[in-house]
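One structure below.
Read the figures in this text as sums done on the coordinates, not as results from a lab. Since we're looking at a predicted model, the values are computed, not measured. Using ideal geometry, Cβ is built from the backbone for each residue, glycine included, and neighbour counts are taken over all protein chains shown.
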Amino acid sequence: MNSLISVSNLQKSFGGSAALSGISFDVQVSELTVIIGPSGCGKSTLLRCLNGLELFDGGMVRIGDITLDRKANLSHGDFNNLLRNLREEVGMVFQSFNLFPHLTVLENVVLAPMVVRKVDRRSAEEKAREILNKVGLGERLQHYPSQLSGGQQQRAAIARALAMSPKVMLYDEPTSALDPGLVGEVLAIMRKLDDEGMTQVVVTHEMNFARDVADRVIVLAEGEIIESGSPQEIFTAPRDERTRNFLQRYL
């Protein structure tokens, strides 16, 4: 199997309290992995460690050819260069949309490729229009975030991440801030990306999405992976009592 993401013995603590205790897993190319578990179990911390927003205390994260290893004897400058390179390979979509309110949808999407990857304006706009059409916002290019629904804003945030041509897309509860009626339009984009072969890691409480779309489901509890497997295994025959108790709340 061709592993695009590899996590080994990942550890992270806050103020002496362990948030992640020896997390290890792999994600294959084009795989959609869903991470579930109760609030406070470490799901968001894990995602933030994967893209370098949170520096972990021990263990290793590899995405593509870039490896962050806390045992590696790197200079401060070399480590920061690795972080920068890692973040360029990973798209991140948060609960809140984090769009720049003073920029149009098109300007929000072209900004990072122009500033970070030094793409010329014409090429950046051409790609941005293509991506915005893909996410159903082709007619909203000149709208400002305040003129969009929550679902449209989140789709714009996904488009902004895709504009950097990431190898991996990470989502931290991407539908939790949306009205129920708008959730489906965001999940539909993630389904489309899955069909196109994008590697995605999704933290969500949308259990139907996890059951219907995921290639693999990872269950976290108290900073540890308590089980992982196919959606059929997790949702029909969970082995751990904590998984069964968690799923009873949603199914």
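For the stretch 94-155, which trypsin sites (Lys or Arg not before Pro) are in a loop by DSSP, counting at most 13 other Cβ atoms within 10 Å? Could you put the intermediate results ahead of the total?
Details: sites: Arg117, Lys118, Arg121, Arg122, Lys127, Arg129, Lys134, Arg140, Arg155; in loops: Arg117, Lys118, Arg140.
Hits after loop and neighbour filter: Arg117, Lys118.
Could you give the nm distance between label points at Val29 and Ser6, where each point is 7 Å from its Cα heading toward the beta carbon?
The modelled label-to-label distance comes out at 1.5 nm.
Need one number: the % of Cα-Cα pairs in the chain sitting beyond the 23 Å mark. Walk me through the numbers on the way to the answer.
Numbers: 16221 of 31375 pairs.
Every Cα pair in the chain considered, those over 23 Å come to 52 percent.
Per residue, how big is the convex hull around the C-alpha atoms of the stretch 117-173? Give it to me in cubic angstrom, could you?
Once divided by residue count, the hull of the stretch 117-173 is 98 Å³.
Stretched out fully, how many nm does the piece from Asp212 to Ser228 gain, at 0.36 nm a residue minus the Cα gap?
Roughly 4.2 nm would be gained on extension.
Grab the beta carbon distance between Ser75 and Ala177, set R0 = 41 Å, and tell me the FRET efficiency rounded to 0.05.
About 0.55, to the nearest 0.05.
Could you run the Karplus curve 6.51 cos²θ - 1.76 cosθ + 1.60 with θ = phi - 60° over the stretch 236-251 and give me ³J(HN,Hα) per residue in whole Hz, x for Gly and Pro?
Calculated HN-Hα couplings, in order: 9, 9, x, 8, 8, 4, 5, 5, 4, 5, 5, 5, 4, 6, 10, 10 Hz.
Return the long-range amide H neighbours of Ala19 (sequence gap of 5 or more, or a different chain), with a cut-off of under 5 Å between placed amide H atoms.
So Ala19 has HN proximity to Lys12, Ser13, Phe14.
Which value in deg cm²/dmol, rounded to the nearest 500, describes the helix-derived mean residue ellipticity at 222 nm for the chain, given -39,500 (n - 2.57) per DSSP H run of n ≥ 4 and division by the residue count?
Computed mean residue ellipticity for the chain: -11500 deg cm²/dmol.
Can you compute 3J(HN,Hα) from phi for each residue in the stretch 199-207, using the Karplus curve 6.51 cos²θ - 1.76 cosθ + 1.60 with θ = phi - 60°, rounded to whole Hz and x for Gly and Pro?
6, 9, 10, 10, 8, 7, 9, 7, 5
Simple spin-label model, 7 Å along Cα-to-Cβ: Glu88 to Leu55 in nm?
Rounded to a tenth, the inter-label distance reads 2.1 nm.
Give me, ordered by chain and number, the residues 5 or more places off Leu32 or on other chains with an amide H under 5 Å from its own placed amide H.
The answer is Gln200, Asp215, Arg216.
Of the listed pairs Lys134/Lys167; Lys12/Lys118; Lys118/Lys167; Lys118/Lys192; Lys43/Lys167; Lys43/Lys134, which have alpha-carbon separations greater than 24 Å here? Numbers along the way, then the final one.
Working: Lys134/Lys167 18 Å; Lys12/Lys118 34 Å; Lys118/Lys167 18 Å; Lys118/Lys192 28 Å; Lys43/Lys167 21 Å; Lys43/Lys134 29 Å.
With Cα atoms farther than 24 Å apart: Lys12/Lys118; Lys118/Lys192; Lys43/Lys134.
Please compute the contact order of the stretch 3-248 in relative form: average sequence separation of alpha-carbon pairs under 8 Å and at least six residues apart, divided by the residue count, as a percent.
Averaging sequence separation for qualifying contacts and normalising by length gives 27 percent for the stretch 3-248.
Obtain the nm distance between the two label points defined at Glu196 and Glu139 by a simple spin-label model: each point lies 7 Å from its Cα along the Cα-to-C-beta direction.
Taking the two extended label points, one gets 2.1 nm.
Hey, any idea what Rg/Rh is for the stretch 118-251, computing Rh the Kirkwood way over Cα pairs?
1.04
Can you work out ³J(HN,Hα) from phi for every residue in the stretch 90-96, in order, using Karplus 6.51 cos²θ - 1.76 cosθ + 1.60 and θ = phi - 60°, giving whole Hz and x for Gly and Pro?
Coupling constants for the stretch 90-96: 10, x, 10, 10, 9, 4, 8 Hz.
For the stretch 13-129, evaluate the Debye formula with one uniform point scatterer on each Cα (no solvent term) and list log10 I(q)/I(0) at q = 0.10, 0.16 Å⁻¹, rounded to two decimals.
-0.42, -0.98
Distance from a point 7 Å along Cα→Cβ of Ser146 to each backbone N in the stretch 83-99: keep the residues under 14 Å and list them by number.
The answer is none.
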